[in-house]
Amino acid sequence: MLDTLRDKLNPRGAGLWVLLGVILLAGVAIAGTSGSSSPTDSTTTTTLVVESTTTLPIVTTTTTRPTITTQPGPRGFTIAFSGDVLLHPNIRDAAETAAEGTDRAYDFRPMFQYIESFIKDADWAVCHLLGVVSPDGTGLSDYGKIRVPGEIVSDLAEVGFDACTTASHHSLDYGFDGVTETLGVFDEAGLRFTGTARSEREEILSRRYGIEGVQVTILSYTFSTNGIPTPEDAPWATRLIEEKRILEDAALAREEGAEFVILSLHWGDPGRHGLNYMQSHLGPRLIASPDIDLIVGHHSQVIQPIDKIGSEWIVYGMGNLVAASAEEDERDEIWVVVEVGEQPDGTFQTTKLSVMPMHMLSNRRAPVPTGIDLRFEDLEPWEHTLLSASWKRAMWQLRKGSGWGEFELIGESPY
């Protein structure tokens, strides 16, 4: 009996009894609280039991899981613009030759081989097509009234263009039927368009673009339709440059959610580097509107100055992307890349504008960058001479605009 009592009073034995008691109490505590725990609790409690021959301290640690909130970065996109796509007879003949031995009647794709990578680099690339498109390749014409092969539309899409502006002085060359035929070819090729329409609803919807999550509207107008009146029952077929109408359309676009509004204006005098009255007076008034963010121009067939007014730009004329002009300066052209970014207040503006001078080499029937670092190895010495001269002419014209020194040149000077 004394031995049994001694065992009970033994400090080591007492420690074991205490430890057993703590374990039993912990089990009861867990059983009593397990039903009330919540998966959304952000604080956890860990109980650590330390065995000791004298005391059994309880150490409690608390860990808090931080809440992490990810804020989306500012949105933005790049959009590129070309000069006019004007299919003179020599251009069409070259496309016909390129298609020999294939099942195609015309192949315009080789004309873009030197710039295709630049077209595809942009988030959105926009061309400017003149004339009516023939869906079956019949009734083609080159001067006066223009009707071009449908292959040009599918080829523009294939080399990387996402849309074309279509308002020009040749939009109504074959009346409303011509507009319908043209846009049918665009639909088939999967190439977007703005500037002509088959209905009022299409006019509105064709202007809207979602580019990298940004709502963009491109409005396209022309100074003339060569005296051919717009159909009274289809005024949306194409729109003339009228200040009041343009401002109303831009305001409506903004009301409907457009975050960046671009004007494409078919204006200026062919072969004239200087601005005409409409360009020099109307351009600054339009860009002053809070509903218009960028203006790009066509029709001059030559390079015109680029103005920067505040933080906004007017690119008056980019020359011809593809054409068979006789004059060297009418083969000079520019490729314009616009970077658009979201501002702290949620609005969008042009954050960078870049210009790549190019020249349409008549022997290749293809536009080629004129920067010395962008030229291809197969160029002949005399072609290098032409491209260098073209670079110099382009610099001479671009220096005349208030944007000179503000935009970035793509390509290095050959001089």
Against the condition at pLDDT 95 or above, farther than 19 Å from His298 by Cβ, crowded, with 24+ Cβ neighbours inside 10 Å and not charged (D, E, K, R), how does Pro110 come out, does it pass? no
Listed by first then second residue, the pairs whose first member lies in the stretch 166-188 and is assigned by TED's automatic domain parsing to the domain that holds Leu263, whose partner is part of a helix (DSSP H, G or I) and modelled with pLDDT of 95 or more, with beta carbons under 6 Å and at least 6 positions apart or on separate chains, are Phe176/Ala237; Val179/Ala237; Val185/Val153; Phe186/Val153
Gly160 passes all but one of the listed conditions (1) over 17 Å from the mean Cα position of the chain (by Cα); (2) on the phi > 0 side of the Ramachandran plot; the exception is number (1)
Query raised in the report: Within the bounds of the stretch 121-143, is there any residue that is at pLDDT 95 or above, under 27 Å from Leu387 (Cα atoms) and among the small types (Gly, Ala, Ser)?
Result: yes
Those residues of the stretch 154-194 which are in contact with a Leu (Cβ under 8 Å, 6 or more places away or on another chain) and among the acidic types (Asp, Glu) amount to Asp162
The condition from (1) farther than 18 Å from Cys127 by Cβ; (2) in contact (Cβ under 8 Å) with a residue 12 or more places away in the chain; (3) out of contact with any Ser or Thr (no Cβ under 8 Å at 6 or more places or on another chain) that Ile372 misses is numbered (3)
For the stretch 294-311, the count of residues that are part of a strand (DSSP E or B), out of contact with any Asp or Glu (no Cβ under 6 Å at 6 or more places or on another chain) and surrounded by fewer than 23 Cβ atoms within 10 Å (Cβ to Cβ) equals 1
With criteria (1) out of contact with any helix residue (DSSP H, G or I) (no Cβ under 8 Å at 6 or more places or on another chain); (2) assigned to a loop (DSSP other than H, G, I, E, B); (3) surrounded by fewer than 19 Cβ atoms within 10 Å (Cβ to Cβ), Ser325 comes up short on (3)
Restricted to the stretch 169-204 and to residues being within 20 Å of Arg92 (Cα to Cα) and of a type in the set (Gly, Ala, Ser), the residue nearest to the chain's Cα centre (by Cα) is Ala189
| request: Return a yes/no flag: does the stretch 330-339 have any residue that is over 25 Å from Leu387 (Cβ atoms) and surrounded by fewer than 24 Cβ atoms within 10 Å (Cβ to Cβ). | output: yes
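The values are calculated or read from the model by the stated rules, or taken from the named source; none is laboratory data. Note that this is a predicted model, so its numbers are computed, not measured. Cβ coordinates were reconstructed from backbone atoms using ideal geometry, including for glycine residues, and neighbour counts include every protein chain displayed.
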